[in-house]
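A quick write-up on the structure given underneath.
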């Protein structure tokens, strides 16, 4: 087997001056550059995982790798974990694979499949089967390190805990299975604190609209804007959105981000119920909750995923702006 300088490879990938995604700045160009850097880093992480699994790695490379793995962000750990599960980086791609079962379908057929109720039993089998493969890959990585005389594999054992958290038990409820699935695609949440992400939470009860097949409430506790409650409900063939938020919440930027999402086909701009900002709206721990929905379709999951990402990214920008103001 060929040798690879894996330590230097990872160092080049994740060096803050070259491989790390730059700090996000306001503006469309900065956002595009940030996304491009993330995509490039993701490809490199996937290649790294493949190299570890298939090649003999020199002892010094493994030592370097150990050091670099400790510096991986939650986003990068999430990419590495999805690679071990053999899942695509994009949640929409994975859901399309599930509903089509790998068969070629027309755009019209795919659109219909994505609006039908998701077969949770298929999702359960997929998570269990690919989770076992992921654990096998990780065990091989640890064995390679042990064979080289390196036994400090704490960071890989921590990855093993994360993988196990994404493998639901046979008797898992629908909410637990969906949570196991969604956590992997929410890298902006701390992966080792998935209790902050709850599907089917009682706290996320619908207000103003009756729960239906395509009605769901998302409650996001942000660090800068307090609780943001978003009610999604389907009218005719498109979704509408009601947002309950503080007056400080960046509504215009939220509207712009929503318009830029291909997954979100809204009937109209979101409507807002605005409350006065309060001191206790600041410094909350990030938390995400969902209401129960009579019908969980792939389309609805993609929309929920996009909304959470938009809100949490706006919250991160708010934190950066506050840090600059304080400094």
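The values are calculated or read from the model by the stated rules, or taken from the named source; none is laboratory data. Please read all numbers here as calculations on a predicted model, not as lab measurements. Reconstructed Cβ throughout: ideal geometry from the backbone, glycine too, with neighbour counts over all protein chains shown.
What the table below lists for this structure:
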read-out: Residue match in the stretch 317-324 (condition: within 16 Å of residue 218 (Cβ to Cβ) and either modelled with pLDDT of 80 or more or not assigned by TED's automatic domain parsing to the domain that holds residue 217 (or both)); value: no
read-out: Condition check for residue 249: outside the structural domain of residue 117 (by TED's automatic domain parsing), modelled with pLDDT under 85 and surrounded by 13 or more Cβ atoms within 10 Å (Cβ to Cβ); value: no
read-out: Conditions (1) closer than 18 Å to residue 79 by Cβ; (2) touching a residue at least 40 places away in the same chain (Cβ under 8 Å); (3) surrounded by fewer than 13 Cβ atoms within 10 Å (Cβ to Cβ); number of the one not met by residue 161; value: (2)
read-out: Residue tally, condition modelled with pLDDT under 85, farther than 18 Å from residue 112 by Cα and in contact with a helix residue (DSSP H, G or I) (Cβ under 7 Å, 6 or more places away or on another chain), over the stretch 262-289; value: 5
